[in-house]
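Let me begin by presenting the structure, written as structure tokens, before commenting on it.
The values are calculated or read from the model by the stated rules, or taken from the named source; none is laboratory data. It should be emphasised that the depicted structure is a prediction, and the values quoted were computed from it without experimental measurement. Ideal geometry is used to build each Cβ from the backbone, glycine not excepted, and the neighbour counts take in all protein chains shown. Heads up: the accessible areas ignore ligands, DNA and RNA and are worked out on the full protein's heavy atoms, side chains in. Shrake-Rupley method; radii C 1.70, N 1.55, O 1.52, S 1.80 Å.
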Protein chains: 2
Amino acid sequence: MTEQLSTAEENYIKSIYHLQQAESIVSTNEVAARLNTKAASVTDMLKRLNNKHVINYEKYKGVSLSVEGEKIAIDIIRKHRLWEYFLVEKLQFKWDEVHEIAEELEHITSKQLIERLDNFLGYPKFDPHGDPIPDSKGHIQFQEQISLIDLTIDQPATVSAVVGSQSSELLELLTHKNIGIGTRIVVKRKFSFDNSLEIETNDNSKFTISKELAMALFVK
Amino acid sequence: MTEQLSTAEENYIKSIYHLQQAESIVSTNEVAARLNTKAASVTDMLKRLNNKHVINYEKYKGVSLSVEGEKIAIDIIRKHRLWEYFLVEKLQFKWDEVHEIAEELEHITSKQLIERLDNFLGYPKFDPHGDPIPDSKGHIQFQEQISLIDLTIDQPATVSAVVGSQSSELLELLTHKNIGIGTRIVVKRKFSFDNSLEIETNDNSKFTISKELAMALFVK
DNA sequence: TAAATAATTTAGATTCGCCTAAATTTTATT
DNA sequence: AATAAAATTTAGGCGAATCTAAATTATTTA
């Protein structure tokens, strides 16, 4: 289909994909900020990617992925998230240690490799951060994720993502409270004074968490 | 210690290492042939690597690895062979399918990753082709390997390498006879007429193999 | 050993991916 | 709407890694 892309090209495509989640048209400066590079370098690359038909780009008009480009982006994301899953589940890395390594592994080209890895891992649907892993056809299982703060009382749910998962302070708190991706939670009471929640988890323990923490936890 | 090396630089170092197994001083043309590149490109790179002190190089005098360079080479080979082991043992690849993929994986930089992978795999000593895997300190367990054709009668041994393992004809024959790396073999008789051998394997089957096959099998 | 041949290096280009500085276009503000 | 500010692109350059063609050095052979 498409010829081999360089690592740099793949990183641009991935960035544009992620930026497009917020707004369908992405600016040169946004891409530059995300990739820690200069706007002039981005313009250069956009011209090249445009020639390869993986993006739609017009001078001064911003950029978006073509259908082809979106396929490529999803494929890279699939690889990234499968490797993250592997690193956490098989090699015992913590979920906040795997991103950098997966950034490298996601550029390994073998199609066979990723299919077999997927099989070896048991076709996981979500990565260690709770983000969905696209399947081999590029289908992404989108899911309603709501903040724990908005969860109905007595409605069981599973922690599927943590916003700001890069913060070690947050990680410390979660470790202490024994909460992670996959933890089952039921909200038992809501205290309107400070918006804190009384919750019950997996291990039958019942305790209160702050508004701040509840807002950082997403469940499905 | 040393700054980050590019993939290209690492590949040059690895090539020089392997070529040095045959002769301690390696020529520009030998490197060029091994890397499918031109002699002029090699000269360029040798100058660069020389400046980084990972090789010993003098114009027209050939090249050899410095102590530092050899460490780097062994580290890359360790990564390559561990990944090959992973691909065969965990992802069910055949041993003749993994080289290319490992060529990419060997350049992933994380030290932690490779140590954890090693642990996950159970600290294997030999890769699927029977080549030794250097340990985390760079020690390589060298082993006497002899051709099966030279093995003493009634002396049990284990298949540790196959020469010409890239040939699919050979692979076909080995699959049919159910012989692979790790197969235990005892030579029961030698027939001087055609130098064929009667052997007994793991699974208690007894059969004859040709001189050609015996010469391709190495045991320890 | 002198000439022929082979190996290696140098010179000069090219592409990729990046940079800075200057020019241009778009957007926001008065 | 005119001008100021912000965003973007162009121009020109640089280092890495490669190439071809020409020059140089080493080796082989007659």
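Some points to look at:
- Accessible area expressed per residue, chain B, with surrounding protein chains retained (probe 1.4 Å, Å²): 54
- Tail weight of P(r) past 16 Å, computed on alpha-carbon pairs of region B:153-220, percent: 41
- Placing unit charges on each Cβ (+1 for Lys and Arg, -1 for Asp and Glu) gives the protein assembly as shown a dipole about its Cα centre, and among B:18, A:92, B:185 the Cα reaching farthest toward its positive end belongs to B:18.
- The protein assembly as shown: calculated mean residue ellipticity at 222 nm from DSSP helix runs of at least 4, using -39500 (n - 2.57): -13000 deg cm²/dmol
- Note that chain A shows a convex hull volume over its alpha carbon atoms of 143 Å³ per residue.
- Percentage, to the nearest whole number, of Cα pairs in region B:1-104 over 18 Å apart: 49
- Taking a point 7 Å out from the Cα of residue A:200 in the direction of its Cβ, the residues of region A:114-148 whose backbone N falls within less than 19 Å of it are A:148.
- Nearest 10 degrees, 0 to 90: helix B:168-177 Cα axis against chain B principal axis: 40
- Structure note, pairs A:177/B:111; A:47/A:125; A:14/B:47; A:14/A:61; A:111/B:47: Cα-Cα distances above 26 angstrom occur for A:177/B:111; A:47/A:125; A:14/B:47; A:111/B:47.
- Once exposed loop chymotrypsin sites (Phe, Trp or Tyr not before Pro) are cut out (DSSP; at most 15 other Cβ, 10 Å), longest piece of chain B: B:61-141
- Listing of region A:108-147 residues, each with accessible area lower by at least 50 Å² in the full protein assembly than in the chain alone (probe 1.4 Å): A:108, A:113, A:116, A:120
- Angle in degrees between helix A:67-89 and the longest Cα principal axis of chain A, rounded to the nearest 10: 40
- The simple spin-label model puts a point 7 Å past each Cα toward its Cβ; for residue B:111 and residue A:51 those points are separated by 4.1 nm.
- Between A and B, accessible area buried - total, square angstrom, nearest 100, 1.4 angstrom probe: 1700
- Take the Cα of residue B:9, step 7 Å toward its Cβ, do the same at residue B:41, and the gap between the two points is 1.8 nm.
- Surface composition of the protein assembly as shown: carbon plus sulfur atoms hold 48% of the accessible area, using a 1.4 angstrom probe and ignoring ligands, DNA and RNA.
- Comparing Cα centroids, region A:151-220 and region A:120-139 end up 23 angstrom apart.
- Built amide H within the under 5 Å cut-off of residue A:56, gap 5+: A:64, A:65, A:66
- A crude spin-label estimate for the pair residue B:169 and residue B:58, with each label 7 Å from Cα along the Cβ direction, gives 4.7 nm.
- Shape class for region B:29-71: prolate, because the ratio a/c of the largest to smallest gyration tensor axis (alpha-carbon atoms, square roots of eigenvalues) is 1.5 or more and a/b beats b/c.
- The long axis of helix A:111-121 is offset from the longest Cα principal axis of chain A by roughly 10 degrees.
- Along each principal axis, taking the top coordinate minus the bottom one, the Cα set of region B:109-179 gives 43, 27, 18 Å in descending order.
- Label point 7 Å beyond Cα along the C-beta direction, distances from residue A:109 to other copies (nm, shortest first): 2.2
- The Stokes-Einstein estimate for the protein assembly as shown, based on a Kirkwood radius over Cα pairs and taken at 4 °C with 1.567 mPa s viscosity, is a diffusion coefficient of 50 µm²/s.
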